[in-house]
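Chemist: Submitted below is the structure of interest, expressed as structure tokens.
The values are calculated or read from the model by the stated rules, or taken from the named source; none is laboratory data. Model, not experiment: these values are computed from the prediction. In this analysis, Cβ positions are derived from the backbone assuming ideal geometry, glycine residues included, and neighbour counts consider all displayed protein chains.
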Amino acid sequence: MVRIKTNKKYTINVFLMLGIILFSLITSPMVLHAYENYNLALEKGTQIIEISEYDEQAWNATVNVTSNPNDWFGGEADRVGAKSKITVLDWHQDDMNTYGMFSGLMIPKDYLPTYIAIRDYGYNHDYIANKFSNYYFVWQTSFVFRSFTLNGFSNFSDYTVQGSMILRYPENINKLLEDYNEFAIIVNNDTTIQSLNYSLPILSGDDFLWHFVLERFTIGTPTIDYLTTLIGTLECKNVSIQGNTLILKRNGVKNYTAEATYNDQGNLETFLLKNSEGYVFYKITSYYPKITALIIAGICGLSVLLLITFFLFYKKKYRK
């Protein structure tokens, strides 16, 4: 038998390397899982959104007598049967600076004209980029949008091509919110901006999530994990989650609850408002025409198959 000589120095090095690898395996999950691995499950195609319920009297008695759903969703969102249409065109990954994140995600759309206007008074891209130097990984999407209407979608000029973004790591939303609020305070304390009657809202986590829902931003998947991380990171006080539904406690004339349910693509699927007695006084539902067409085709195909089977069975029985 031949005895193989071992090099003690080599053996020590091997054990040292194994130790380093083992230590890396033990500690690396802490690093790798600092951020969850979210995905984008969007599909190109059209989503139809429809107003299925609206009780105007209950809205006035619960939310606000001086407003209506049009103020939230635009178009004819106060008419049962009115439909809106969103057609996803494309998306891509990108890294976005803080200036772009403010305009694309943080600031409610009603305040975007103010955000644009104050650029002429020093609060431009360079100012924000220098003060807040973070970048954020996002998916940017483009889509065709048609607002709520009872007249159908025959008018091809009645649409806009819009863009939106999905934050790939919702854990970063709290830093973004802190930076935005710091920026808003600076702007609101500027005497020149005050003299022009400009201001930006200071947002809590609940405030941000409310405008996030109303503006129908898409989320990453798995939806439950993404939503849980979002409300946890924002430290929301009046928001909870049940499955893939956000439950937001709101206050108007009276207390009421909003429920926003997201589908497997990360899109808002249903939105409803309930009063304190549980009565649903406003509801938006949605569907995908492609899926509906496939279901109808499947039912028709099955019916034809059953008829053929029925015919062959009785034909065979008759011959006997």
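Condition check ((1) in a loop (DSSP other than H, G, I, E, B); (2) closer than 20 Å to Asp110 by Cβ) across all residues:
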position: Leu42; (1), (2): yes, no
position: Thr46; (1), (2): no, no
position: Ile51; (1), (2): no, no
position: Trp59; (1), (2): no, yes
position: Asn64; (1), (2): yes, yes
position: Asp71; (1), (2): no, yes
position: Glu76; (1), (2): yes, yes
position: Lys85; (1), (2): no, no
position: Asp90; (1), (2): no, no
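Chemist: All but one of (1) in a strand (DSSP E or B); (2) of a type in the set (S, T, N, Q); (3) surrounded by fewer than 19 Cβ atoms within 10 Å (Cβ to Cβ) hold for Ser164; state the number of the condition that does not hold.
Modeler: (3)
Chemist: If you don't mind, there's one more thing I want to ask. Do you know which residues across segment 243-259 are within 18 Å of Leu167 (Cβ to Cβ) and outside any loop (DSSP other than H, G, I, E, B)? Write out each step before concluding.
Modeler: Initial filter on segment 243-259 (within 18 Å of Leu167 (Cβ to Cβ)): 244, 246.
Residue satisfying the conditions is Leu246 alone.
Chemist: Please specify each residue of segment 79-126 satisfying the condition of being in contact with an Asp or Glu (Cβ under 8 Å, 6 or more places away or on another chain) and either among the aliphatic types (A, V, I, L, M) or surrounded by fewer than 19 Cβ atoms within 10 Å (Cβ to Cβ) (or both).
Modeler: Val80, Gly81, Ala82, Val88, Pro108, Lys109, Tyr121
Chemist: Let me ask you something else. Among the residues of segment 205-219 satisfying the criterion of being of a type in the set (Asp, Glu) and assigned to a helix (DSSP H, G or I), which is surrounded by the most Cβ atoms within 10 Å (Cβ to Cβ)? It would help to see each step written out before you state the result.
Modeler: So the first thing to find is which residues in segment 205-219 are of a type in the set (Asp, Glu), and the list is 206-207, 215.
Still in the running and assigned to a helix (DSSP H, G or I): 206-207.
On the way: Asp206: 17, Asp207: 15.
Result: Asp206.
Chemist: Could you list, in sequence order, the residues of segment 132-149 that are more than 20 Å from Phe208 (Cβ to Cβ) and either among the β-branched types (Val, Ile, Thr) or over 17 Å from the mean Cα position of the chain (by Cα) (or both)? Full working, then the answer.
Modeler: Taking segment 132-149 as the starting set, the residues that turn out to be more than 20 Å from Phe208 (Cβ to Cβ) are 133, 142-149.
Within segment 132-149, Ser133, Val144, Arg146, Ser147, Phe148, Thr149 qualify.
Chemist: Can you tell me which residues in segment 188-204 are surrounded by fewer than 20 Cβ atoms within 10 Å (Cβ to Cβ) and in contact with a helix residue (DSSP H, G or I) (Cβ under 7 Å, 6 or more places away or on another chain)? Quick ask: steps written out before the conclusion?
Modeler: Residues of segment 188-204 surrounded by fewer than 20 Cβ atoms within 10 Å (Cβ to Cβ): 188-192, 194-199, 201-204.
Once the filter is applied, which keeps residues that are surrounded by fewer than 20 Cβ atoms within 10 Å (Cβ to Cβ) and in contact with a helix residue (DSSP H, G or I) (Cβ under 7 Å, 6 or more places away or on another chain), segment 188-204 yields Thr192, Tyr198, Ser199, Pro201, Ile202, Leu203.
Chemist: Right, Ser240: among the small types (Gly, Ala, Ser), modelled with pLDDT of 95 or more and either touching a strand residue (DSSP E or B) at 6+ places or on another chain (Cβ under 6 Å) or assigned to a helix (DSSP H, G or I) (or both) or not? Working first, answer last.
Modeler: Numbers: among the small types (Gly, Ala, Ser): yes; modelled with pLDDT of 95 or more: yes; either touching a strand residue (DSSP E or B) at 6+ places or on another chain (Cβ under 6 Å) or assigned to a helix (DSSP H, G or I) (or both): yes.
Yes.
Chemist: Only one of (1) touching a residue at least 24 places away in the same chain (Cβ under 8 Å); (2) not in a loop (DSSP other than H, G, I, E, B) is not met by Asp120, so which one is it?
Modeler: Failed condition: (1).
Chemist: Output the number of residues of segment 127-147 satisfying the condition of being surrounded by 12 or more Cβ atoms within 10 Å (Cβ to Cβ) and part of a loop (DSSP other than H, G, I, E, B). Break it down into steps so the answer makes sense when it comes.
Modeler: The first filter runs over segment 127-147 and keeps only residues surrounded by 12 or more Cβ atoms within 10 Å (Cβ to Cβ), leaving 127-129, 131-132, 134-147.
Pick out the ones that are also part of a loop (DSSP other than H, G, I, E, B) and you get 132, 134.
Total meeting the criteria: 2.
Chemist: Could we say that Glu215 is touching a helix residue (DSSP H, G or I) at 6+ places or on another chain (Cβ under 9 Å), acidic (Asp, Glu) and closer than 30 Å to Lys83 by Cβ here?
Modeler: On the way: touching a helix residue (DSSP H, G or I) at 6+ places or on another chain (Cβ under 9 Å): yes; acidic (Asp, Glu): yes; closer than 30 Å to Lys83 by Cβ: yes.
Here the answer is yes, as Glu215 does meet what is asked.
Chemist: While we're here: Scan segment 167-195 for residues that are assigned to a loop (DSSP other than H, G, I, E, B) and without any contact (Cβ under 8 Å) to a residue 40 or more places away in the chain and jot them down.
Modeler: Let us first name the residues in segment 167-195 that are assigned to a loop (DSSP other than H, G, I, E, B), namely 168-169, 189-190.
The answer is Asn189, and nothing else.
Chemist: Further question: Could you check, for segment 148-155, whether at least one of its residues is touching a strand residue (DSSP E or B) at 6+ places or on another chain (Cβ under 8 Å), in a helix (DSSP H, G or I) and crowded, with 17+ Cβ neighbours inside 10 Å?
Modeler: No, there is no match, as no residue in segment 148-155 is touching a strand residue (DSSP E or B) at 6+ places or on another chain (Cβ under 8 Å), in a helix (DSSP H, G or I) and crowded, with 17+ Cβ neighbours inside 10 Å.
Chemist: Taking Leu234 as the residue in question, decide whether it is more than 21 Å from the chain's Cα centre (by Cα), at pLDDT 95 or above, under 26 Å from Gly163 (Cβ atoms) and not small (Gly, Ala, Ser).
Modeler: Details: more than 21 Å from the chain's Cα centre (by Cα): no; at pLDDT 95 or above: yes; under 26 Å from Gly163 (Cβ atoms): yes; not small (Gly, Ala, Ser): yes.
Against the criterion (more than 21 Å from the chain's Cα centre (by Cα), at pLDDT 95 or above, under 26 Å from Gly163 (Cβ atoms) and not small (Gly, Ala, Ser)), Leu234 does not qualify.
Chemist: For Ser240, state whether it is more than 30 Å from Pro113 (Cβ to Cβ) and under 21 Å from the mean Cα position of the chain (by Cα). Spell out how you get there, then give the answer.
Modeler: On the way: more than 30 Å from Pro113 (Cβ to Cβ): yes; under 21 Å from the mean Cα position of the chain (by Cα): yes.
Criteria met by Ser240.
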